[in-house]
Ligand SMILES: [Fe+2]
């Protein structure tokens, strides 16, 4: 599970690598819910293609906008104990190819600046 937090105070978005005791952070941090369904899913839910050790992630079935005010900020994949991430800026194509050691337990995530965190599963 990708745990993505946002700080209400400064606006930072944080990927949790190691979970600790969050009591100290809970005053400012909130966790993005992981979404997989709904009317916005076709443009947000990551689509995964696997070809040998190459994993390509597209967002989503229908291309997501990559405008200045609405775009995919990053995609992230978890495969077993490995994590891969690619960041985007407006105007980029929201697609990433990673070379991985294993596709076991692979889950892809995409993060939209307006519509939050989406998962392939
Ligand atoms: Fe969006």
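Every read-out reported here was derived from the displayed coordinates using simple, explicitly stated rules and does not represent laboratory data. Because the structure is a prediction, the values reported are computed rather than measured. Note: ideal-geometry Cβ built from the backbone for every residue, glycine included; neighbour counts use all protein chains shown.
Rg/Rh for the chain stands at 0.97; both radii use Cα atoms, and Rh follows the Kirkwood definition.
Kindly state, to the nearest 0.05, the FRET efficiency for residue 99 paired with residue 68, given R0 = 41 Å and r defined as their beta-carbon distance.
Numbers: r = 31 Å, r/R0 = 0.76.
The computed FRET efficiency comes out at 0.85.
Annotation for residue 28 and residue 56: the two label points, set 7 Å from Cα along the Cα-Cβ direction, are 4.1 nm apart. Between residue 92 and residue 14, the modelled labels are 2.2 nm apart [label points 7 Å from Cα along Cα→Cβ].
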